[in-house]
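To start, the structure under review is shown below, and the notes come after it.
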Amino acid sequence: MSLSRSPSPVPGGGWASPGLNIASGRSSPIPGFTGSTTTPVKWESSRLKRGFGSGYPSFETKNQSFFGRHMRRFSSGLPRFNTSRHYADKEKLGRGRWSVHSVPLLGRIQSIMGRMGRRTKIRLLILLIILLSIYIFYNSPLVYHWRRSLWLGGGQKFVIILGANVGGGVMDWKGAREWAIERDSVRNKKKYVARWGYDLEIVDMSTKKRYAHEWRESWEKVDFVRTTLRKYPKAEWVWWLDLTTVIMEPSYSLQDHIFNHLEKHVYRDINEYNPLNITHPFTDVFLDAESQSPVGDGKASSINLILSQDCSGFNLGSFFVRRSIWTDRLLDIWWDPVAYEQKHMEWEHKEQDALEQLYISQPWIRKHTAFLPQRMINSFPKGACADKGIDPRIHYNEKDRDFLVSMAGCEWGRDCWGEMYSFRELSYYLNRTWWERFKEDFLALIWFKLTGQKVKF
């Protein structure tokens with residue numbers, strides 16, 4: 001009879017469990033105690049642990065070399081990509097392997113930044129700040145505002161007055177060419193002030209009537225300057241421009257072109273260029289030292305009137321007036337009807353001849369007046385002042401990129417619209433962007449070579 005405590009389910013006795021038989025009543029691999037005559041029985045798992053039997057042996061690495069261990073470590077850290085969308089482990093149904101597309105963009109950026117060094121992060125931050133500053137200060141809508149502010153760009157200090165002919169003049173109504181001239185001139189000035197934050201005042205030179213018994217056409221620019229100074233209390237300088245003018249270089253600001261280094265650009269001794277042969281300076285003994293000096297006090301801060309001279313004398317197609325008590329006094333005397341009543345039949349150039357007379361006779365006006373070389377603010381086309389040929393001090397030079405062109409006197413036998421149009425197109429050509437140059441000089445040329453047709457992109 002078996003020593004088992006219960007009947008064996010296996011026929012003939014014994015248990016199905018490894019290590020048990022009918023000759024033993026214990027299930028231990030330990031050798032029997034003293035007095036036992038049975039053979040020691042080992043567990044099946046103990047036998048399989050040695051790897052000699054069949055079953056499920058424990059995991060054992062085949063390659064234990066140095067490179068094998070480290071390559072395995074490197075490869076285990078790399079991401080795994082799904083080659084099939086329908087694959088899934090049996091133990092993890094519905095869960096695909098890790099994919100880079102499943103990571104949000106912010107997470108990818110954070111991962112990339114986390115792998116960067118500290119120096120690389122600092123360099124990228126500096127580059128980002130530089131690019132952002134370039135966009136804000138040169139390409140965004142904020143450009144107008146920061147250039148206009150008094151403490152950054154200073155654009156509020158300048159007002160441009162454009163003398164238009166909105167009503168058609170006193171005796172001459174405008175035709176198609178006159179309308180085209182006014183449209184192009186106004187557009188040219190609006191683009192310039194929008195770029196640099198200046199103010200633009202467009203005035204009607206034809207319908208302004210100062211006194212009931214007279215029309216003082218072209219004299220009224222004096223009254224308009226005075227009115228504009230009252231209208232713009234923050235303005236320091238007023239720049240008058242005739243209608244037949246074109247700003248050729250809109251990239252030049254008034255500050256950089258003239259006023260940041262005013263003392264270097266102007267000359268106060270009219271003897272440097274004196275087409276009117278004015279005697280200068282005054283020699284009267286009763287005058288003070290500044291009135292007898294050819295340059296006044298020599299300080300840029302004392303300059304209140306800036307203009308240029310052409311072949312026949314003062315030119316007021318483009319001039320600057322500074323806000324000051326001296327300016328108020330000059331405008332009052334200049335506009336006074338006494339001079340107009342006495343001399344308007346003799347003075348061919350009207351308000352221009354009146355200012356020349358005041359400069360010749362009044363010492364207090366001379367010591368606060370300065371002149372700019374004409375080509376800095378008032379270049380002429382070839383048809384103006386052409387009696388003696390091309391004068392390098394007066395006529396426009398494309399190579400030097402003169403700032404402004406005035407078609408002075410074009411209404412007397414010249415084509416005002418033709419000159420305005422040609423200089424407008426030249427200004428566009430000289431100031432094209434790199435993209436416009438690429439399209440017009442490269443792509444359009446290739447298209448012409450291929451098809452024989454001229455095209456404008």
Inset, instruction - Could you tell me which residue of region 108-127 is modelled with the lowest pLDDT, considering only residues that are open to solvent by less than 80 Å² (accessible area, probe 1.4 Å) and polar (S, T, N, Q)? - result: 111
Inset, instruction - Name the helices (runs of 4 or more DSSP H) wholly inside region 332-410 in which the number of residues that are open to solvent by less than 30 Å² (accessible area, probe 1.4 Å) and modelled with pLDDT of 85 or more is 2 or more. - result: 351-361, 363-366, 374-377
Inset, instruction - Please report, ordered by residue number, the helices (runs of 4 or more DSSP H) entirely within region 415-457 with at least 2 residues that are exposed (fewer than 10 other Cβ atoms within 10 Å of the Cβ). - result: 434-438, 444-451
Legend entry - Matching residues, region 242-264, being in contact with a Phe, Trp or Tyr (Cβ under 9 Å, 6 or more places away or on another chain) and touching a residue at least 24 places away in the same chain (Cβ under 8 Å): 246, 247, 248, 249, 250, 252, 253, 254, 255, 257, 258
Legend entry - Condition met for residue 325 (β-branched (Val, Ile, Thr) and open to solvent by less than 20 Å² (accessible area, probe 1.4 Å)): no
Legend entry - Members of region 289-300 that are on the phi > 0 side of the Ramachandran plot and open to solvent by less than 30 Å² (accessible area, probe 1.4 Å): 296
Legend entry - Meets criteria (in contact (Cβ under 8 Å) with a residue 60 or more places away in the chain, open to solvent by 40 Å² or more (accessible area, probe 1.4 Å) and assigned by the TED database to the domain that holds residue 204) for residue 310: no
Inset, instruction - Search region 247-288 for residues being open to solvent by 80 Å² or more (accessible area, probe 1.4 Å) and over 44 Å from the mean Cα position of the chain (by Cα), and hand back the single one that is nearest to residue 433 (Cα to Cα). - result: 277
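The values are calculated or read from the model by the stated rules, or taken from the named source; none is laboratory data. In this text, all values refer to a predicted model and were calculated from it rather than measured experimentally. Positions of Cβ are generated from backbone atoms using ideal geometry, with glycine treated the same way; all protein chains shown enter the neighbour counts. Just so you know, the surface numbers come from the protein's heavy atoms only, side chains and all, with ligands and any DNA or RNA stripped out. Shrake-Rupley method; radii C 1.70, N 1.55, O 1.52, S 1.80 Å.
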